[in-house]
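The values are calculated or read from the model by the stated rules, or taken from the named source; none is laboratory data. Because the structure is predicted, anything quoted here is derived from the model rather than measured. Every residue, glycine among them, receives a Cβ derived from its backbone with ideal geometry; neighbour counts consider all protein chains shown.
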Amino acid sequence: MRKNLRFSVSLFLLTCLSLFTNQLSAQQGPNDTLKVYAFIVDGDTIPGGRLLDAEVRTRMHENWRKYWAEWTRLRNAVYVTYPYAKAAGRVINEVNSQLVNVTDKDARKKIIKSREKDLKKEFADKLTNLSVYQGKVLMKLIYRETGNNCYSLIQEYKGGFSAGFWQTVAILFGSNLKQNYDAVDKDRAIEIIVQDVERMYGHRS
C-alpha cells in the first residue's frame, strides 16, 4: 500500500510540473529571450560564460627575485649611461672621419685634442659620478656606437702607453677596456633595454 501511495504522489508531482511548464510556455511570446555570453568563431555563435576573477598570490622564487634585481640594476645603468654613450659616439665618429686622410702626427693630435676638450667640458664631472658597474655598461654602449672598444680608442688617440695604463686601472676595478659588444648573445639584455630607450625617445632613425 505504501508503494502505491509513493507512486501516486510521484505521479501527482510530475503532473503538476508538466502543467506548470505548459502554462509557462503559453505565457511566453516568440520574442522572449535569455541573454548569455557567446563567442563567435569562424561565423559560428558558441554559447559561453564568464567566471568571476580570482586573484592568486604566491611568494616569488629566489631565483626570479635575483633575476629581476639584476635586470633592474642593468636597466637603470643603461638609462644613466646611454646619453653619454650617444654623445661620445657622435664625437668619436666625427673625429675618425676627420682623421681618415690626415697622416701628419701633429695635425692628428690637434684634431684629437680639440674634441677631447669638448668631451671633458661636457662630461668630465658627470662621468666621475658613475659607479664601476655603470662604467662597464658605458664601455659596452660606446662600443655599440663606434664599433671599437675603449682600449682601441685610447690607443688610437693617446698612444699605447696610456691605453695600457688605463687598462691596468680598469682591471684593478674588475673591468676591462677591451670588452666588446655582442648584441645577439652575451649583451642581449642591454640591447633590449637600449632598443626600448630608442623607441621611447626616438634617438635612432
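Could you tell me how many of the residues in segment 159-185 are in contact (Cβ under 8 Å) with a residue 40 or more places away in the chain and under 22 Å from Arg108 (Cα atoms)?
Selection size over segment 159-185: 0.
I'm told Gln98 meets every condition in (1) part of a helix (DSSP H, G or I); (2) in contact (Cβ under 8 Å) with a residue 40 or more places away in the chain except one. Can you identify the failing condition by its number?
(2)
Give the number of residues within segment 133-157 that are within 21 Å of Lys109 (Cβ to Cβ) and assigned to a helix (DSSP H, G or I).
Total satisfying the criteria: 9.
Any idea which residue in segment 64-99 is surrounded by the most Cβ atoms within 10 Å (Cβ to Cβ), counting only those that are of a type in the set (S, T, N, Q) and at pLDDT 90 or above?
Looking at the filtered set, the residue picked out is Thr81.
What do you reckon, is Ala183 surrounded by fewer than 17 Cβ atoms within 10 Å (Cβ to Cβ), small (Gly, Ala, Ser) and assigned to a loop (DSSP other than H, G, I, E, B)?
Yes; evaluated as a whole, the condition is true for this residue.
Conditions: (1) under 27 Å from Leu141 (Cα atoms); (2) polar (S, T, N, Q); (3) free of Cβ contacts under 8 Å to residues at least 40 places away in the same chain. Thr58 meets all but one. Number of the miss?
In the conditions (1) under 27 Å from Leu141 (Cα atoms); (2) polar (S, T, N, Q); (3) free of Cβ contacts under 8 Å to residues at least 40 places away in the same chain, Thr58 misses (1) alone.
What are the residues in segment 186-205 that are exposed (fewer than 15 other Cβ atoms within 10 Å of the Cβ) and in contact with a Leu (Cβ under 8 Å, 6 or more places away or on another chain), if any?
Listed by number, the list holds a single entry, Ala189.
Residues Gly164, Gly159: which one is at positive phi and either surrounded by fewer than 17 Cβ atoms within 10 Å (Cβ to Cβ) or hydrophobic (A, V, I, L, M, F, W, C) (or both)?
From the options Gly164, Gly159, the qualifying one is Gly159.
Starting from residues that are closer than 24 Å to Glu116 by Cα and small (Gly, Ala, Ser), keep the ones in segment 158-188 and report whichever is nearest to the chain's Cα centre (by Cα).
This residue is Ser175.
For segment 116-130, does any single residue satisfy the condition of being within 26 Å of the chain's Cα centre (by Cα), at pLDDT 80 or above, under 26 Å from Trp68 (Cβ atoms) and not in a helix (DSSP H, G or I)?
yes
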